[in-house]
Structure formats: structure tokens, C-alpha cells
Amino acid sequence: MEKIQEVNRGPRETIKDRQRIVVKIGSSSLQHEQTGDLDYIRLEKLVRELCDIRNQGKDVILVTSGAIAAGKKAVGIREITESTKVRQMAVKQACAAVGQARLMMVYQKIFGEYNQVAAQILMTKNTIVDDLNRFNAHNTFTQLLQMGVIPIVNENDTVATYEIEIGDNDTLSAIVAALVEADLLILLSDIDGLYTDDPRRNPQASFIPQVNELTEELLAMGKGSTGSDVGTGGMNTKLQAARIATSSGVDMVIANSRDIGVLHRILDGKEEGTLFVARRDESFDLPDFVSHLHRQ
């Protein structure tokens, strides 16, 4: 009888049972649009939600953007205007070094107010592609979660170049979810979920509440646009993240970060955002997929 009841539960209902959750939030969701300064109210709400999830006995990992943007703001740079790619990369990496420290300082302070320990993990493609690095990263995540710590993950923009960068945190969060064998990935973005077209440009676009299979038609909907000049990921990167997550047996939800309270509503099984239902693909090879990023 118990097995029959489990089968009859819908995908949204079973989200309540998820025990290892990865949450990704983008740059545009962390800053005030008018000034580029950090939105402390939204950050505090995010940390409170994550701590409450952790207090329910669930494992939580946060993938956060915002280091480069925070660094640019700190040193008074609006745009990187260097004439060569080498100089542009140097300025970007310097801003990341400044901004990552400032971002973690803010997170540590707010997490500390809720008596929650947080840790920083910075990754590149080599973290996943190299067998020993991947093994060590998996062990580090596992140990931190066993200790009740919330890992805070970002790409290591201070050292990453085109050859070793993942490029966006939608993809990074899906890679992390696959690496740690998570149950659920939640992408907090500036859009409600997946639509048949860009709703900012086409008012006739229809919302898609659930995707049971990532078809070629759906993947073709991904367009390299984003609603913000701060973030790096558009719907194409979110669909790529869905491909990684669902192929690795991880459910994924895209939801709007306008109200951070959407996190607990998703975990309560409410109809929020677009749910991509996991369809594990035994032939999916995470290291191989990551090694071919930017060449696909």
C-alpha cells in the first residue's frame, strides 16, 4: 500500500521528501538595479530561508554569483574598457579577488546571526575534469554537509581563464548538484520559469509549469539573452543546467527570486516556477560533458 501511495504522488508532492538541495542565485538578484550595491534585505531573507531548510535536517548548498560585480563596485569600475583581452581578463580577475572577499564577509556575518556555519568553495572546470580534483571536491562537500555546514560555491574567477572557466553559475550549480548527488536544484532568477518564448518581448508567450523530458524542441528555446546586464546566464544556460541535472537524476526548478520565500513554497510542494523532472541517463558522463563546455 505504501509503494502504491508513493507512485500516486505527483512530482511536486515528492519534492517535500528532498534531502539534499542546491540553491543558485544570480548577480541581478543580489543587487539594487539602480546602484549596483548589494541588496542586504534580500540577502538576509535568502540566508534565513537556507538556515531554516538546514534546521529541518536537510543538506543545503548555495551557489552564488556576484563577486565580480561586487568587486567592480568596490573599486569604482562601471565597465571593463581595457583595449586587449589580456588586460580585460586581468581587471576582471582583480575585481573578482576583491569582490569574492567582500561577498563572503557579508554572507558569513548574516549566517552567523542565525548561528549557522558557512564555508567557501571556489571551482573551475579542472575541479570536475581532473579525477583526483573531483574526488577531493566530492569528499570536501560530503564532510562539510556531515558537519552541518552550508557550503557557498562560486566559480574561481580570480584564476579562471577561457580554457578552464565554467562560464556561468546556472551550469556550475547543476555540476555541483550532480557532483554531490543532490535531490533538487533550485535556480533563483529574474524570470518566473520557462516560457514558449521570451515573455519580455512576446506577451503571447505561454508559461510551461512542468517539463517531463528535455526534447530538442525545448532545448532550441534557449536564447543567449538575459534580463540583466549584471548576470551572465540566459535561458540557454538554464536549459543546459536542466540537461545536466535531470540526466544526473536531479529534479530542477526555475523560479523568480523576486520573493525569496518561494524557496519554502517550492519545498512544500507548491506550484512555483517550472519543474524539470529528473530522468537519469546512465550514459551521461559529467567529467566528459564539462570538458567540452564552450565547444558544444
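The values are calculated or read from the model by the stated rules, or taken from the named source; none is laboratory data. Quick caveat: nothing in here was measured; it's all calculated off a predicted structure. All Cβ positions, glycine included, derive from the backbone under ideal geometry; neighbour counts span all protein chains shown. With ligands, DNA and RNA removed, areas are computed over all heavy atoms of the protein, side chains included. Shrake-Rupley method; radii C 1.70, N 1.55, O 1.52, S 1.80 Å.
Odds and ends about this structure:
- Heavy-atom surface of segment 106-223, accessible at 1.4 Å and reported per residue (Å²): 47
- Under 5 Å between amide hydrogens, built in the peptide plane, is the criterion, and for Val211 it picks out Leu275, Phe276, Val277 among residues at least 5 positions away or on other chains.
- Neighbourhood net charge (11 Å Cβ-Cβ; Lys/Arg +1, Asp/Glu -1) for Leu185: +1
- Cβ-based net charge around His264, under 13 Å, with every Lys or Arg adding one and every Asp or Glu removing one: +3
- Residue with peak Gaussian network fluctuation, the chain [Cα springs, cutoff 10 Å], from Val22, Val75, Val98: Val75
- Rg and Dmax of segment 15-148, based on Cα coordinates, read 16.7, 52 Å.
- 0 to 90° range, to nearest 10: angle between helix 169-179 axis and the chain longest Cα axis: 50
- Karplus-based coupling profile of segment 138-153, in residue order and whole Hz: 4, 5, 5, 4, 4, 5, 4, 5, 5, 7, x, 8, 9, x, 10, 10, with θ = phi - 60° in 6.51 cos²θ - 1.76 cosθ + 1.60 and x standing for Gly or Pro.
- Loop-located trypsin sites (Lys or Arg not before Pro) in segment 65-99, at most 12 other Cβ atoms within 10 Å (DSSP): Arg78
- Hydrodynamic estimate: the Kirkwood radius of the chain over Cα pairs, inserted into Stokes-Einstein at 20 °C and 1.002 mPa s, corresponds to D of 110 µm²/s.
- For the chain, built as a Gaussian network whose Cα springs stay under 10 Å, the top-fluctuating residue of Gly234, Gly269, Gly66: Gly269
- Around the amide H of Leu194, modelled in the peptide plane, lie the amide H atoms of Ile208, Thr274, all under 5 Å away and 5 or more residues distant in sequence or on another chain.
- Given Lys16/Lys45; Lys72/Lys109; Lys16/Lys72, the pairs whose alpha carbons are separated by over 32 Å: Lys16/Lys72
- Distant alpha-carbon pairs in segment 78-196 (separation over 22 angstrom), percent: 45
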